[in-house]
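The values are calculated or read from the model by the stated rules, or taken from the named source; none is laboratory data. Source: prediction; values computed, not measured. Cβ atoms come from the backbone with ideal geometry, glycine included; neighbour counts cover every protein chain shown.
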Amino acid sequence: MSEAQIRRGLRAAMCGTAFSFLVIHAVAAGNYENGSVAQSSQPSGNQSPAQAVNPADPPAEEVFKNIQMLKGMPASQMKAVMSLISTSVGMRCDQCHVPDAFEKDDKRPKQTARSMLQLVMSVNKTSFDGQPQVTCFSCHRGQQRPVAMPPIAQQAAQTSTPAPRPAATGLPSYDQIIDKYLEAIGSSTAYEKLKSRVMKGSMIDAKGGTFPVEVCQTAPDKMVIITTLPNGTASQGYNGTIGWAAGPSGQSELRGMELAKIKRAADIARFLKIKEESLSPRVVGKVKVGEKEAYQISARAGGQRVQLFFDTQTGLLLRRQIMSNTVLGAFPEQTDYEDYRDVDGVKLPFITRYSTPDPAAASTMEFKEIAHNVTVDDAKFNPPQIQK
């Protein structure tokens with residue numbers, strides 16, 4: 001398995017509480033529509049995903065090579081956007097890109113993809129005020145060639161009109177659900193005693209490969225994840241100021257949406273802020289998560305749409321779905337939490353499962369050991385090049 005394939009499996013690491021997962025950043029030179037160093041490129045057509053420039057999250061053309069259709073897009077959205085395109089049209093990265101030289105235009109499908117991006121952006125610009133209402137998936141539905149006509153309907157022996165779904169009644173309020181969750185995972189006093197956390201276990205990728213992983217945190221907001229690969233280590237960290245990712249192929253700084261994720265995950269007692277993080281929460285109803293019944297809550301957090309699923313019996317969080325905004329529409333991510341155990345008076349999931357529309361990105365984290373208030377060298381949270 002290549003380093004790139006392994007990195008795609010390192011999509012999430014559970015860091016203890018409700019919202020605690022993060023995405024391992026791709027660090028090798030040459031990603032997606034680009035390389036790792038920007039160069040000038042020719043102007044695109046009559047549309048580009050221009051956004052307000054954020055110095056902390058520069059536009060894609062300043063970070064990657066040969067950007068044409070995605071000029072102005074925050075560089076931190078590149079991985080999510082490429083994943084949306086790949087899964088929407090049912091194609092692998094190397095069907096459009098030259099391996100290890102992603103900036104090259106040698107393959108015809110890449111030129112076709114640019115034409116299709118121009119079409120999508122033009123439709124959204126002229127018909128939907130620039131909002132990404134139409135996406136690649138709108139037509140392709142996971143297939144390289146869109147279906148041009150509807151299928152012939154088959155006659156049914158009997159026809160019936162489905163009964164309308166009954167309105168949800170008798171549901172607890174949002175506050176009641178969250179209060180039960182906070183009570184279930186441990187008291188605030190117990191969490192306030194936590195000065196550090198070290199978690200050891202394994203990451204299992206989409207192809208069944210298993211790799212040792214270690215997650216270290218110190219209060220209030222420092223974190224590092226270290227995964228041992230066949231050809232070295234892949235790590236990602238936040239030292240309270242800088243977010244970074246490093247691997248056998250290089251090192252990079254996390255920005256934008258990826259930096260925001262690791263900063264949230266690094267908070268060792270983030271569960272205490274769950275109410276203040278959730279804006280406009282609404283109890284949707286009861287649904288099944290696996291074999292368990294859960295209360296579903298819809299909310300917004302950090303500018304993203306969020307769906308939370310709490311066990312109706314235990315109150316514990318079973319699943320979290322987030323929809324991150326990109327120039328090509330929402331990018332959905334899902335984390336499932338299992339095997340909660342008591343560790344020093346707080347309940348932590350020992351298994352987390354991460355999924356996106358890309359099957360190759362699926363991963364499972366299984367922890368065998370979680371310890372609190374152990375000594376962690378503060379230099380461990382710095383990028384490898386400045387660890388002293």
All positions within segment 121-138 that are surrounded by 15 or more Cβ atoms within 10 Å (Cβ to Cβ) and closer than 19 Å to D358 by Cβ: P132, T135, C136, F137
Identity of the residue in segment 62-77, crowded, with 23+ Cβ neighbours inside 10 Å and either out of contact with any helix residue (DSSP H, G or I) (no Cβ under 6 Å at 6 or more places or on another chain) or β-branched (V, I, T) (or both), that ends up nearest to G329 (Cα to Cα): Q77
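Name the residues in segment 310-327 that are more than 22 Å from G285 (Cβ to Cβ) and in contact with a Phe, Trp or Tyr (Cβ under 9 Å, 6 or more places away or on another chain), would you? Steps first, please.
Taking segment 310-327 first, the residues more than 22 Å from G285 (Cβ to Cβ) are 324-327.
Matches in segment 310-327: S324, N325.
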Residues of segment 337-388 satisfying the condition of being free of Cβ contacts under 8 Å to residues at least 24 places away in the same chain, over 21 Å from T218 (Cα atoms) and exposed (fewer than 12 other Cβ atoms within 10 Å of the Cβ): D339
Selection from segment 318-333 of residues that are out of contact with any Ser or Thr (no Cβ under 8 Å at 6 or more places or on another chain), surrounded by 17 or more Cβ atoms within 10 Å (Cβ to Cβ), hydrophobic (A, V, I, L, M, F, W, C) and assigned to a strand (DSSP E or B): L318, I322
Residue in segment 338-345 that is aromatic (F, W, Y) and part of a strand (DSSP E or B) present: yes
Count - residues of segment 299-357 that are at pLDDT 95 or above and among the small types (G, A, S): 1
